[in-house]
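So the structure is just underneath, and the comments pick up after that.
The values are calculated or read from the model by the stated rules, or taken from the named source; none is laboratory data. None of these values were measured; they are calculated from a predicted model. Cβ: placed from backbone, ideal geometry, glycine included. Neighbour counts: every protein chain shown. Protein only, heavy atoms only, side chains kept; ligands, DNA and RNA dropped before computing areas. Shrake-Rupley method; radii C 1.70, N 1.55, O 1.52, S 1.80 Å.
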Amino acid sequence: DYAQHVMKLRETLNAKGLGRLNVRIEEPFVVIGNDAPDALQQRAQTVRWAADHLEKDFFDKRPKKILDVYLFNDALSYEKGVAKLTGSEPTTPYGFYSSTHDGLFMNIATGGGTLVHEIVHPYVEADLIDAPAWLNEGLGSLFEQSAERDGHIIGLTNWRLAGLQKAIKRGKVPSFRELTQMSDRTFYDEDRGTNYAQARYLFHYMQERGQLIPFYEAYRAAQKKDPTGYATLQKVLGEKDMDDFKKRWEGYV
């Protein structure tokens, strides 16, 4: 399957004037980039590391399709490559996942954080049915600054923390009931930075208490009964009064 995929991929790349890109297979992905083969191999190790650790701790299912991961080594090649491959200019300078185009597109010069973040999304897509945005983006953004602890992937603090701390001081952070019940449109369009950060640091809090993996597994089992995840969140946290928990969580942040 991968051999056939790569043959068709090379035909497509040649047709679009991208025939010089190098290719590596890192199941369930095919990694493509404009670095030399040795350099691309080093970058592809981030894909391999992330996929292996995410599968180990979270995801029972791999993406249903072979997905292409494009790693462009500067902003200009990223912008031109995305335009040729998708027909549109990128809307972010860092990178994105497109289910429509079966691929991840990265300006890898900006770092590997966005790459790991975006790798989470096709796994969530394969593992859950219409996962709510707060869970999908919370998990993705948790691992955009990641490391390994005792053989497991963990999220570290990152640039989202300062903005969340300011929002807490202003009293602008919604309740966890509100966060989990947001539609995708509301999550992405209304105060996007705070919503991402709140979900991220909720998961960071749970990670540090050994609750994150149990929460994900419990949510996957209960998704049909609890599509927003709020009841599962409350159960795994062991909290009856979520307003009181939010005050303690804000202290943690």
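Being surrounded by fewer than 17 Cβ atoms within 10 Å (Cβ to Cβ), free of Cβ contacts under 8 Å to residues at least 24 places away in the same chain, over 22 Å from residue 13 (Cα atoms) and polar (S, T, N, Q) is the requirement here; does residue 41 meet it? Here the answer is no, as residue 41 does not meet what is asked. For the stretch 153-180, the candidate set comprises residues that are touching a residue at least 40 places away in the same chain (Cβ under 8 Å) and of a type in the set (D, E, K, R); within that set, the residue that is most open to solvent (accessible area, probe 1.4 Å) is 177.
Within the option set 111, 81, 19, being at pLDDT 95 or above and not acidic (Asp, Glu) holds for one residue only, 81.
Just one of the listed residues (74, 57) is surrounded by fewer than 16 Cβ atoms within 10 Å (Cβ to Cβ), modelled with pLDDT of 95 or more, closer than 20 Å to residue 154 by Cα and touching a helix residue (DSSP H, G or I) at 6+ places or on another chain (Cβ under 8 Å), namely 57. Considering the stretch 20-38 alone, what residues qualify as being surrounded by 15 or more Cβ atoms within 10 Å (Cβ to Cβ) and out of contact with any His (no Cβ under 8 Å at 6 or more places or on another chain)? Of everything in the stretch 20-38, those that are surrounded by 15 or more Cβ atoms within 10 Å (Cβ to Cβ) and out of contact with any His (no Cβ under 8 Å at 6 or more places or on another chain) turn out to be 21, 22, 23, 24, 26, 28, 29, 31, 32, 33, 34, 35.
Look at the stretch 228-241: where a residue is under 15 Å from residue 210 (Cα atoms) and touching a residue at least 12 places away in the same chain (Cβ under 8 Å) and a partner is open to solvent by less than 20 Å² (accessible area, probe 1.4 Å) and of a type in the set (S, T, N, Q), sitting 6+ places away or on another chain with Cβ atoms under 7 Å, you get 233/180.
Taken together, the residues in the stretch 66-97 that are among the small types (Gly, Ala, Ser) and closer than 16 Å to residue 119 by Cβ amount to 1. So which residues in the stretch 91-112 are closer than 14 Å to residue 71 by Cα and open to solvent by 20 Å² or more (accessible area, probe 1.4 Å), if there are any at all? Within the stretch 91-112, 93, 94, 96, 97, 109, 110, 111, 112 qualify. Filtering the stretch 122-152 to residues that are closer than 20 Å to residue 198 by Cα, open to solvent by less than 20 Å² (accessible area, probe 1.4 Å) and not in a loop (DSSP other than H, G, I, E, B) leaves 124, 133, 134, 135, 137, 138, 139, 140, 141, 142.
Of all residues in the stretch 77-89, those being touching an Asp or Glu at 6+ places or on another chain (Cβ under 9 Å) and either buried (at least 21 other Cβ atoms within 10 Å of the Cβ) or within 16 Å of residue 13 (Cα to Cα) (or both) number 4.
For the stretch 142-157, the count of residues that are of a type in the set (Val, Ile, Thr) and within 8 Å of the chain's Cα centre (by Cα) is zero. Restricted to the stretch 200-252, and to residues there that are aliphatic (A, V, I, L, M) and surrounded by fewer than 18 Cβ atoms within 10 Å (Cβ to Cβ), the residue that is farthest from the chain's Cα centre (by Cα) is 242.
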